[in-house]
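Heads up: the structure comes next, in structure tokens.
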């Protein structure tokens, strides 16, 4: 990650909002704080936890690029203030947009087609806390025969390459099809999705938009609707078509796998959707970078 992140560009995004250090305690360098924050979200650590982990791990010490004979790791309070600064000025969203532009200029986004999907991020449902209440911005939703409490993160993925181009976040009880207009691009000609998006073509935001109304929606049907007589011995073409749709749609699962399993962010760390979405923007940007490396792409146009 050290070699593929466009450090200078991301630092310049943060610089206009960063304290000058003319008043109060001396500030730490932007790059130092950004590196520490990235370690925190990649390994899903607390503010105190990442500070301790850097002292314990040689790999993390090397990544921080600090001369430990001259300075110490920023403390947990300094990291907390840096995170609040990123959340206040929506830096995560700006960094995600910057990387998307770099991928587009490098020719890594093919356009004309998108895949959409959503995943549930769990939130604590217990009311055994100081205020005796749940997070007001989180809600519950029933999936199958089980209820889940939390938020939903939705992603729009380039159908040709699998890179994430758009993400949104809502409470878990917002239906997937209501958000589809936020996930697709104006030049998309075809959109893939699971059965949760069957009602998408009938949404007002789709029908009233000249570009979106022309899109071909290739949405997977519910398995229960694919009925065939048990006596029939021929090819079940309905299921064959659904398998072809699924083979394309499966690309959307890769960035979710990286964020939820590799980076370990399957449960919310903060209260409120905005704070968590700042983190998700950075995580999906890093997931795109990781997929670039796996695909053996030329990273010069991105880093440079």
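If a residue must be part of a strand (DSSP E or B) and modelled with pLDDT of 90 or more, how many such residues does the stretch 116-173 contain? Residues meeting the conditions: 32. You will find that of 213, 224, the residue that is surrounded by 10 or more Cβ atoms within 10 Å (Cβ to Cβ), free of Cβ contacts under 8 Å to residues at least 12 places away in the same chain, more than 23 Å from the chain's Cα centre (by Cα) and assigned to a helix (DSSP H, G or I) is 213 and no other. The single condition among (1) assigned to a loop (DSSP other than H, G, I, E, B); (2) surrounded by fewer than 19 Cβ atoms within 10 Å (Cβ to Cβ) that residue 201 does not satisfy is (1).
For residue 100, the test of being within 18 Å of residue 8 (Cα to Cα) and over 20 Å from the mean Cα position of the chain (by Cα) is failed. In the condition set (1) in contact with a strand residue (DSSP E or B) (Cβ under 8 Å, 6 or more places away or on another chain); (2) not in a loop (DSSP other than H, G, I, E, B), residue 55 is compliant with all but (1). Identify, from the list 117, 2, the residue that is in contact with a helix residue (DSSP H, G or I) (Cβ under 7 Å, 6 or more places away or on another chain) and within 30 Å of residue 172 (Cβ to Cβ). On inspection, the qualifying residue turns out to be 117. Filtering 158, 135, 117, 98 for residues that are at negative phi and surrounded by fewer than 18 Cβ atoms within 10 Å (Cβ to Cβ) leaves a single hit, 98.
When the stretch 257-293 is limited to residues that are in contact with a strand residue (DSSP E or B) (Cβ under 9 Å, 6 or more places away or on another chain) and not in a helix (DSSP H, G or I), the one that is nearest to residue 43 (Cα to Cα) turns out to be 265. For residue 242, indicate whether it is outside any loop (DSSP other than H, G, I, E, B) and under 18 Å from the mean Cα position of the chain (by Cα). So residue 242 does not fit the description; no. Being surrounded by 20 or more Cβ atoms within 10 Å (Cβ to Cβ) and either under 30 Å from residue 47 (Cα atoms) or free of Cβ contacts under 8 Å to residues at least 60 places away in the same chain (or both) is a property that does not hold for residue 296. Put simply, of 75, 56 the only residue that is more than 22 Å from residue 279 (Cα to Cα) and loosely packed, with under 14 Cβ neighbours inside 10 Å is 56.
For every residue, the table says whether it meets (1) in a helix (DSSP H, G or I); (2) more than 25 Å from the chain's Cα centre (by Cα); (3) in contact (Cβ under 8 Å) with a residue 40 or more places away in the chain.
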{"site": "31", "(1), (2), (3)": "yes, no, no"}
{"site": "39", "(1), (2), (3)": "yes, no, no"}
{"site": "70", "(1), (2), (3)": "no, yes, no"}
{"site": "73", "(1), (2), (3)": "no, yes, no"}
{"site": "77", "(1), (2), (3)": "yes, yes, no"}
{"site": "86", "(1), (2), (3)": "yes, no, yes"}
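In the stretch 188-205 there is at least one residue that is over 30 Å from residue 136 (Cβ atoms), assigned by TED's automatic domain parsing to the domain that holds residue 284 and in contact with a helix residue (DSSP H, G or I) (Cβ under 6 Å, 6 or more places away or on another chain).
Conditions (1) assigned to a loop (DSSP other than H, G, I, E, B); (2) in the same structural domain as residue 181 (by TED's automatic domain parsing); (3) surrounded by fewer than 19 Cβ atoms within 10 Å (Cβ to Cβ), marked per residue:
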| site | (1), (2), (3) |
| --- | --- |
| 19 | yes, no, yes |
| 26 | yes, no, yes |
| 61 | no, no, yes |
| 108 | yes, yes, no |
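The values are calculated or read from the model by the stated rules, or taken from the named source; none is laboratory data. Keep in mind that what you see is a predicted model, and the values were worked out from it rather than measured. For neighbour counting, all protein chains shown are included, and Cβ atoms are generated from backbone atoms with ideal geometry for every residue, glycine included.
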